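See below for the structure under consideration.
Computed from the coordinates by the stated procedures, all read-outs in this text should not be read as laboratory data. Worth saying up front: this structure is predicted, and the values here are computed from it rather than measured. Virtual Cβ from ideal backbone geometry, glycine too; neighbours counted across all protein chains shown.
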Amino acid sequence: MQSLQARPALRLLPTEFLLFVIMPFLNWIGKDKILTHHVEVPFRVLEHSYGYDGNNPTSKTPTHSGNKIIHGDNLVALKALLPEYEGRIDCIYIDPPYNTGNEKWRYNDNVNDPHILKWLGEVVGAEGEDFTRHDKWLCMMYPRLVLLRQLLSNKGAIFISIDDNEVSRLRTICDDIFGSNCFKGDIIWHKTYSPRNDSKGIPTETDHILVYSKSKEWLPKRLERDESMDESYNNPDNDFAPWTSSDPYAPEANTHQGMVYAVQNPFNGELIYPTNGRHWAIDQEDIKDSLNGWCEYELREIDDANRRAAICGVSVETVRLGVKAIMLKNSLEKSRKAAQDVLETGPWPRFYFTRNGKGGIRRKTYLTAVEGKLITTFWDYSEVGHTDAATKELKAIFGGHSPFETPKPSSLIERIIQISTDEDSVVLDAFAGSGTTGHAVLSQNKKDKGNRKFVLVEMLDYAEDITAERLRRVISGYPYRGKIKETLYERKLTASNLPKVPKFLEEANAIREANIDRYTKISKPAVKNNAIVVIGEMTIDGEMPGLGGDFDFYELGEKLFSETHTLNENIGVDKIREYIYYSETHQHLNRPRSEDHPYLLDYYDGTGYFFYYEPSTLTTLNMGTLSIVPHKADHYVIYADVCTISKEQLANLNISFKKIPRDINRF
């Protein structure tokens, strides 16, 4: 049975006192066997089964698209992916078993699954018979999460769907694996659009999506701005772009006393200070340069220590001395005339005076400088889809029946892809299920002309007839009979924009008229969810257009090493070379093997790596065979079967010799 404990962490303080910090950690049966199990998982190769490009669905020739579907235990598959993908995955999404105790014919949500039980028996041993389902779940998840972290790039993040059954335990082990400082949020997905009639307890309408990053500096990308976000921006002074009014102050005046000073108003001569506890947010010279757009200003010392001390919350004796004010350079009359001309003709400087010059100071924030919409930790079904939509989506793809019990809507995964990937990122899903993540990648690529790649891993046998089949259908198109609705116009209504409703209705009607021939049915402008919307409905009785793309299907192949720790030479020299280079550098081997230099792997960080190997004969590194080294490097690592060069000579030549681990008795 698992338990939550606290362990003391020691931190040495400058005063050499010891501070005990209580950090929670999770303990469970089998934990000691599983913490480093990922190291013991053998490397296997991926055996290519077929490629699918929409035209030749069972081609034995790889598409080399970078899109992969892998059938097999995801723990072994993740280890097999390391030589190619360690540190290269920008986005990982997983939807692991929620461990609710429910058992389904296609998907076992309780980790009593025979595959998992077999694995637990082999790894943990007989004590596994006494496990609770929570112990089993933790044993299953921990080593997989460790490998997933290795695969993440430094700019990458992992998103994990889970519900209340395991969220607290998952959060604790993720803190241990990724670091609590890399926890980025617990997204609450409102997954259902209608209340459930649940007589047992409180009906559940939400799921969690835990977000962790590889680097604590990771930030999600912003979403595209919508029109409602721009409603507070206007251009009353004919400036180069719309702007909104912003606070010119920042907090913590007591630690920024040099930024607490007066600014003289050119319209009435009054001195304007930051409010108590706050300071000017911009450097003084920058503010002065902006105010010079009204009239001429200069820096001048004035006797205002008492006022500045009150704002900073300090005594007059301790307030910073020598802080100058931004004062009018010329007379108030001359300054007022210059400022009045600017007020009437525009554009106003970035720091402007409110109430036609008689108020305080505000700062312009231009629409052109504002980024997109920030995501929050609440994702409503109206924006990212719900479970019913996911089931309908899968039914449409599979001709009226849903072959998977708990799919996620592709729109939900698309949102994750939007905030965590670039146009050429690799997206990984190690619990692929029905293939929603691959579908979402293809859909997002279609929308923004991206070139993202997906890697999907599915352990169960439906990897071919559901996961891969779904991708085949969305790539090439599929028969579809039904209705599709699209929102053609949407304008959120707020208190500030209600006077613009006639204009919005005019825009909505124009959109409706322009699209009336494209849809079977198109609604008149109506208010829905506090927005004016126009919805087009299209009846399709034929083919749903494909998204395009391709993929390769793989099975888990042989181990790289035999039980005697010698190379399995049956896997081929290319796979061996790839592994050797990865084991030395933790980098993917991209350099193709050339006829001129067949033993060169690549150069990395000043070192040249060579694999002097022939399948049917032993190789000897001697002074005569050093010609395998084509270029000068700071250091060399050379693999061969035998070396006759002395250790002293190797040291002088900056060579590290390593023996190829293979069975030499057969030669």
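A few comments on the model shown:
- Counting only Cβ charges, +1 for Lys and Arg and -1 for Asp and Glu, the dipole size of region 480-544 around its Cα centre is about 280 debye.
- A straight chain from residue 424 to residue 464 at 0.36 nm per residue would run longer than the Cα-Cα distance by 11.8 nm.
- Dipole of the chain [Lys/Arg +1, Asp/Glu -1 at C-beta], most positive-end residue of 92, 66, 81: 92
- In terms of distances greater than 32 angstrom between alpha carbons, the cross-link table entries 191/373; 216/658; 214/364; 500/521; 191/446 yield 216/658; 214/364.
- Ascending count of other beta-carbon atoms within 10 Å, so fewest first, for 244, 132: 132, 244
- Fraction of C-alpha pairs exceeding 28 angstrom in region 399-540: 40 percent, rounded to a whole number.
- What the Kirkwood sum gives for region 480-544 is a hydrodynamic radius of 12.6 Å, with every pair of different alpha carbons counted.
- Anisotropy class of region 444-512 from Cα gyration tensor, a/c 1.5 cut: prolate
- Neighbour-count order for 662, 362, fewest beta carbons within 10 angstrom listed first: 362, 662
- Helix 573-585 vs. the chain, principal-axis angle (Cα, 0 to 90°, nearest 10): 50
- Remark on residue 50: its backbone amide H falls under 5 Å from those of 553, a criterion applied only to residues 5 or more positions apart or on other chains, H modelled at 1.01 Å from N.
- A cut-off of 5 Å between modelled amide H atoms, ignoring neighbours fewer than 5 places along the same chain, links residue 658 with 638, 639, 640.
- Cβ-placed point charges (K, R +1; D, E -1), dipole of region 567-666 about Cα centre in debye, nearest 20: 160
- Region 586-607 and region 505-580 have Cα centres spaced 35 Å apart.
- Against the chain, whose longest principal axis is taken from its Cα atoms, helix 387-397 shows a tilt of about 50°.
- Counting neighbouring Cβ atoms within 10 Å and putting the fewest first, the residues 623, 141, 544, 259 line up as 623, 544, 259, 141.
- C-alpha long axis of helix 410-420 to longest principal axis of the chain, angle in °: 70
- Local electrostatic count at residue 637 - Lys and Arg +1, Asp and Glu -1, tallied over other residues with Cβ under 9 Å: 0
- Working from Cα pairs under 8 Å separated by at least six residues, relative contact order for region 228-368 is 34 percent.
- Amide hydrogen neighbours beyond the local backbone of residue 643, cut-off 5 Å, H modeled: 621
- The simple spin-label model puts a point 7 Å past each Cα toward its Cβ; for residue 289 and residue 133 those points are separated by 6.5 nm.
- Computed from point charges on the beta carbon alone (+1 for Lys and Arg, -1 for Asp and Glu), the dipole magnitude for the chain about its Cα centre is near 1340 Debye.
- When the Cα positions of 251, 401, 583 are compared along the charge dipole of the chain, 251 comes out farthest toward the positive end, with charges on each C-beta of Lys, Arg, Asp and Glu.
- Pairs of Cα atoms nearer than 8 Å and 6+ residues apart set the relative contact order; for region 567-666 it is 22 percent.
- Note on region 567-666: semi-axes of the ellipsoid equivalent to its C-alpha gyration tensor, largest first and rounded to whole Å, are 20, 18, 12.
- By the Cα gyration tensor, region 228-368 has an equivalent ellipsoid whose semi-axes, rounded to whole angstrom, run 27, 19, 11 from largest to smallest.
- Cα Rg, Dmax, the chain, angstrom units: 32.6, 103
- The mean sequence distance of close C-alpha pairs (under 8 Å, at least 6 residues apart), as a share of the length of the chain, puts its relative contact order at 16 percent.
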